[in-house]
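For reference, the structure is listed below as structure tokens.
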Amino acid sequence: MSEDARSYTNVKWRVYRRIRTDLIAKLGAVIVVFSIAMAAFSIVDDFLLSELVIETLLHDPYELNPNNRLAEPSLAHPFGTDEQGRDILARVIYGTRTSIIVGVGSVLFAAIIGVSLGIVTAYYGGLVDNVGMRAMDVLLAFPAILLAIALLASLGRGFTSIIIALGVAYVPSFARVTRSKALSVKSDEYVTAAEVMGYPTRDVLVDEILPNCFTPIIVQGTFTLAVAIIAEAGLSFLGLGVNPPTPTWGIMLSGAQQYITTAWWYSLFPGLAIMVTVLGFNLLGDSIRDALDPQSGGEERRL
Amino acid sequence: MSVLQIDDLHTYFDTESGTVRAVEGIDLTIEAGEIVGLVGESGSGKSVTASSIMDLVQHPGRIADGTVRYDGQDVLSLSEDELAELRGGEISMIFQDPMDAFNPTQTVGRQLHDVLRSHREGSVHPLVRALGLDHDADCKAAVVEMLDAVGIPNPEARYSDYPHEFSGGMIQRAMVGMALLCDPKLVLADEPTTGLDVSIERQILGLFKDLVEELDTAVLWITHDLSVVAKLCDRVVVMYAGKVMEVGSTEAVLSDPASPYTQALLDSIPRYDRPDEEMYVMEGDVPDPLNRPDGCRFADRCPEVHDRCHDHHPPRFDTGDREVACYLAEGDAE
């Protein structure tokens with residue numbers, strides 16, 4: 001099969017080709033891969049090697065050094081130190097872990113519940129659809145971040161709570177996206193064909209409808225990841241996130257507030273980290289959407 | 001015993017502007033191994049009849065009256081589980097657009113494999129299927145054999161191709177293969193060759209006819225193309241506006257139509273051998289299904305209409321070689 005024909009029909013191939021040829025898509029992909037690599041590194045280093053690697057290369061992100069408080073960026077501390085003398089670069093790297101775990105975790109949580117709900121409501125319609133979607137409307141009536149704060153207040157702090165809180169807040173967006181796609185897939189002839197073949201409903205839902213709804217779900221997932229990373233930083237900033245001294249960008253920003261005029265590096269670098277990561281996920285999401293939707297007219301961009 | 005016996009079937013759709021009487025009192029019998037053609041214009045209720053046979057009429061449609069007997073058992077009173085048993089195994093279906101009838105995310109071979117496997121051994125958990133743990137070498141061999149039988153070259157390799165990698169004719173062959181895979185007793189074919197060009201259509205018709213004769217499968221072939229009926233079918237049922245107008249052996253009905261509607265359908269076929277002849281155009285449209293005439297459904301368009309046609313829809317007169325719903329045949333009735 002020729003490359004042109006493949007590029008038109010094969011979803012994976014279209015995304016891959018986009019990333020290879022489109023500079024913006026490439027930039028997004030590089031940032032995303034880099035953040036995930038940083039997160040993976042900090043998880044392994046912190047939990048398995050007890051900060052061995054980062055200590056050798058830089059500094060222990062947890063080590064307090066009262067003699068070196070708020071030191072300017074230098075060769076020893078490229079991003080400077082915070083008010084307790086901890087190395088900011090090491091903490092920014094470790095902070096990636098929190099952002100990615102919470103981001104991926106809450107998106108997975110929201111996707112599993114939201115997608116199942118979207119497919120079931122679209123397929124059965126009627127009362128099931130009404131009850132399911134009105135429940136989503138209730139959730140949507142609260143701003144996501146407010147809903148997450150309320151849930152966190154009752155669940156307490158920690159990784160699991162924040163993943164559940166954000167996950168619940170993002171369920172409606174997945175449910176809606178999936179439902180609208182599933183409604184059109186449901187009337188496709190292969191779904192009727194499967195019913196005519198006597199397939200049980202479970203198989204019709206999982207084998208026929210679900211795989212044909214993946215495209216908008218993947219796009220939604222990438223965008224929601226970016227939003228979840230910002231939300232996690234926001235919640236940590238408000239003191240509702242994971243427990244200190246776990247390094248997170250939100251907690252660092254919160255600590256940097258009062259030194260913003262005296263120690264610019266303390267707020268700049270965690271802020272940059274959030275911006276770049278979120279930008280990366282948004283660019284990748286944009287590119288995937290353009291690659292998968294011929295109508296969005298996504299011309300390939302070159303910088 | 002007949003494979004399929006439909007008596008006085010009424011299928012209605014309740015819409016906001018009123019009840020659409022898509023099918024109004026169809027009687028139809030199909031014997032084992034027989035190929036029956038169901039012809040009529042768009043909107044005459046052909047496809048609704050087919051979905052009624054499978055009890056697949058979707059909301060807001062409902063089967064208002066009548067019985068559908070498959071092999072003596074009343075299909076309309078079966079539970080969902082019993083229906084699932086029937087569908088795909090005993091009765092299967094061929095769709096108009098096979099490219100749409102295959103799931104685009106799975107290979108064609110895989111889809112045929114799953115149909116056969118679930119028919120033989122029941123369904124498996126989706127997770128097992130997703131991991132490919134349900135793969136069955138016997139089923140695969142049977143599928144490859146079937147792909148070969150429907151004339152797909154190099155079936156072993158095509159097994160792992162996706163639907164979009166097939167051409168229109170090849171995917172329709174695969175669809176025919178899927179319909180015959182579980183050795184059904186009855187196949188419902190809803191205009192399956194309409195989208196194909198004539199030479200491919202003829203190939204598939206010939207192949208299909210050979211296969212169903214070999215397997216002794218009964219077929220209900222829905223079409224608006226009388227030339228397909230002439231080539232394929234033993235008997236033909238002519239439908240118009242939800243009613244049966246004429247039923248009889250293909251030869252009798254097509255060579256000497258008794259109903260003016262059948263005659264009009266035949267006259268509407270353009271003749272390439274008589275290019276100078278003015279083309280016959282049937283005046284008017286199929287009557288509005290919300291507001292059908294009380295008399296003969298065809299009365300408003302019929303060239304041989306007389307007064308009493310407007311009073312009652314004619315009963316069916318048995319004239320020996322066929323049944324005709326037309327007062328013109330009254331004199332010939334036995």
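The values are calculated or read from the model by the stated rules, or taken from the named source; none is laboratory data. Since we're looking at a predicted model, the values are computed, not measured. Here the Cβ is made from the backbone with ideal geometry for all residues, glycine too, and neighbour counts use every protein chain on show. Note: areas computed on protein heavy atoms with side chains; ligands, DNA, RNA excluded. Shrake-Rupley method; radii C 1.70, N 1.55, O 1.52, S 1.80 Å.
Could you check the range B:84-94 and list, in sequence order, the residues that are within 8 Å of chain A (Cβ to nearest Cβ) and either in contact with a Leu (Cβ under 9 Å, 6 or more places away or on another chain) or not in a helix (DSSP H, G or I) (or both)?
B:85, B:86, B:87, B:88, B:89, B:92, B:93
Hey, residue A:212 hits all of (1) buried (at least 18 other Cβ atoms within 10 Å of the Cβ); (2) within 14 Å of chain B (Cβ to nearest Cβ); (3) closer than 24 Å to residue A:289 by Cβ; (4) modelled with pLDDT of 90 or more but one; which does it fall short on?
With respect to (1) buried (at least 18 other Cβ atoms within 10 Å of the Cβ); (2) within 14 Å of chain B (Cβ to nearest Cβ); (3) closer than 24 Å to residue A:289 by Cβ; (4) modelled with pLDDT of 90 or more, residue A:212 is out only on (4).
Considering each residue of the range B:64-90, count those that are among the aliphatic types (A, V, I, L, M) and modelled with pLDDT of 90 or more, and give that number.
Adding up the residues that qualify gives 1.
Residue check: is residue B:292 under 12 Å from residue B:241 (Cα atoms) and either among the aromatic types (Phe, Trp, Tyr) or in contact (Cβ under 8 Å) with a residue 40 or more places away in the chain (or both)?
yes
Tell me, yes or no, whether the range B:67-82 has at least one residue that is surrounded by 18 or more Cβ atoms within 10 Å (Cβ to Cβ), touching a strand residue (DSSP E or B) at 6+ places or on another chain (Cβ under 9 Å) and within 14 Å of another protein chain (Cβ to nearest Cβ).
Taking every residue of the range B:67-82 in turn, at least one turns out to be surrounded by 18 or more Cβ atoms within 10 Å (Cβ to Cβ), touching a strand residue (DSSP E or B) at 6+ places or on another chain (Cβ under 9 Å) and within 14 Å of another protein chain (Cβ to nearest Cβ).
Somewhere in the range B:25-45, is a residue out of contact with any Leu (no Cβ under 9 Å at 6 or more places or on another chain) and within 14 Å of chain A (Cβ to nearest Cβ)?
no
Kindly indicate whether any position in the range A:181-200 is within 30 Å of residue B:121 (Cβ to Cβ), in contact (Cβ under 8 Å) with a residue 12 or more places away in the chain, assigned to a helix (DSSP H, G or I) and of a type outside the set (A, V, I, L, M, F, W, C).
Yes - at least one qualifying residue is present in the range A:181-200.
For the range B:134-150, name all the residues that are more than 14 Å from chain A (Cβ to nearest Cβ) and under 19 Å from residue A:200 (Cα atoms).
If the condition is that a residue be more than 14 Å from chain A (Cβ to nearest Cβ) and under 19 Å from residue A:200 (Cα atoms), then B:135 is the only one that fits.
Which residues, counting only those in the range B:64-79, are free of Cβ contacts under 8 Å to residues at least 60 places away in the same chain and more than 26 Å from residue B:20 (Cα to Cα)?
B:73, B:79
So residue A:279 fits all but one of (1) buried (at least 20 other Cβ atoms within 10 Å of the Cβ); (2) hydrophobic (A, V, I, L, M, F, W, C); (3) farther than 26 Å from residue A:81 by Cβ; (4) modelled with pLDDT of 90 or more; what number is the exception?
Failing condition for residue A:279: (1).
Taking residue A:196 as meeting all but one of (1) of a type in the set (A, V, I, L, M); (2) surrounded by fewer than 20 Cβ atoms within 10 Å (Cβ to Cβ); (3) within 14 Å of chain B (Cβ to nearest Cβ), write down the number of the exception.
Single failed check for residue A:196: (2).
Confirm whether residue A:55 is in a loop (DSSP other than H, G, I, E, B) and acidic (Asp, Glu).
When the stated conditions are applied, residue A:55 does not pass them.
If I go through the range B:44-83 residue by residue, how many of them are small (Gly, Ala, Ser) and over 14 Å from the mean Cα position of the chain (by Cα)?
Matching residues across the range B:44-83 total 6.
Please go through the range B:171-204 and give me each residue that is over 21 Å from residue B:227 (Cα atoms) and open to solvent by less than 40 Å² (accessible area, probe 1.4 Å), ordered by number.
Passing the criteria: B:171, B:174, B:175, B:177, B:178, B:179, B:180, B:181, B:182, B:184, B:186.
Working carefully through the options A:73, A:66, A:78, find the one that is over 30 Å from residue A:211 (Cα atoms) and touching a residue at least 24 places away in the same chain (Cβ under 8 Å).
None of the other options fit; the residue is A:73.
Within the range B:186-198, count every residue that is in contact with a Gly (Cβ under 9 Å, 6 or more places away or on another chain) and over 16 Å from residue B:222 (Cβ atoms).
Qualifying residue count for the region: 1.
If you go through the range B:95-115 one residue at a time, do you hit one that is out of contact with any helix residue (DSSP H, G or I) (no Cβ under 6 Å at 6 or more places or on another chain), more than 8 Å from every other protein chain (Cβ to nearest Cβ) and among the hydroxyl-bearing types (Ser, Thr, Tyr)?
Within the range B:95-115, one or more residues are out of contact with any helix residue (DSSP H, G or I) (no Cβ under 6 Å at 6 or more places or on another chain), more than 8 Å from every other protein chain (Cβ to nearest Cβ) and among the hydroxyl-bearing types (Ser, Thr, Tyr).
Among the numbered conditions (1) touching a residue at least 12 places away in the same chain (Cβ under 8 Å); (2) in a helix (DSSP H, G or I); (3) within 19 Å of residue B:31 (Cα to Cα); (4) open to solvent by 10 Å² or more (accessible area, probe 1.4 Å), tell me where residue B:212 comes up short.
(4)
Restricting attention to the range A:226-245, does a residue exist that is in a helix (DSSP H, G or I), open to solvent by 50 Å² or more (accessible area, probe 1.4 Å) and of a type in the set (D, E, K, R)?
The answer is no; no qualifying residue exists.
Across the range B:92-107, what is the number of residues that are in contact with a Pro (Cβ under 6 Å, 6 or more places away or on another chain) and buried (at least 20 other Cβ atoms within 10 Å of the Cβ)?
Selection size over the range B:92-107: 3.
Considering only residues that are among the acidic types (Asp, Glu) and either in contact with a Lys or Arg (Cβ under 8 Å, 6 or more places away or on another chain) or in contact (Cβ under 8 Å) with a residue 40 or more places away in the chain (or both), look in the range A:81-110 and name the one that is surrounded by the fewest Cβ atoms within 10 Å (Cβ to Cβ).
A:83
Would a scan of the range B:3-13 turn up a residue that is at pLDDT 90 or above, surrounded by fewer than 21 Cβ atoms within 10 Å (Cβ to Cβ) and outside any strand (DSSP E or B)?
For the range B:3-13, residues at pLDDT 90 or above, surrounded by fewer than 21 Cβ atoms within 10 Å (Cβ to Cβ) and outside any strand (DSSP E or B): absent.
Name the residue, out of B:128, B:124, B:144, that is out of contact with any strand residue (DSSP E or B) (no Cβ under 9 Å at 6 or more places or on another chain), assigned by the TED database to the domain that holds residue B:186 and modelled with pLDDT of 90 or more.
Just one listed residue meets the conditions, B:144.
Quick check on my filter: what residues within the range B:232-256 are free of Cβ contacts under 8 Å to residues at least 12 places away in the same chain and either open to solvent by less than 30 Å² (accessible area, probe 1.4 Å) or basic (Lys, Arg) (or both)?
none
Can you name the number of the only condition in (1) open to solvent by 20 Å² or more (accessible area, probe 1.4 Å); (2) at pLDDT 85 or above; (3) not in a helix (DSSP H, G or I) that residue B:48 fails?
(3)
Return the residue satisfying two criteria in turn: it lies in the range A:168-193 and is touching a Ser or Thr at 6+ places or on another chain (Cβ under 8 Å) and open to solvent by 40 Å² or more (accessible area, probe 1.4 Å), and of such residues it is nearest to the other protein chains (Cβ to nearest Cβ).
The extreme case among them is A:181.
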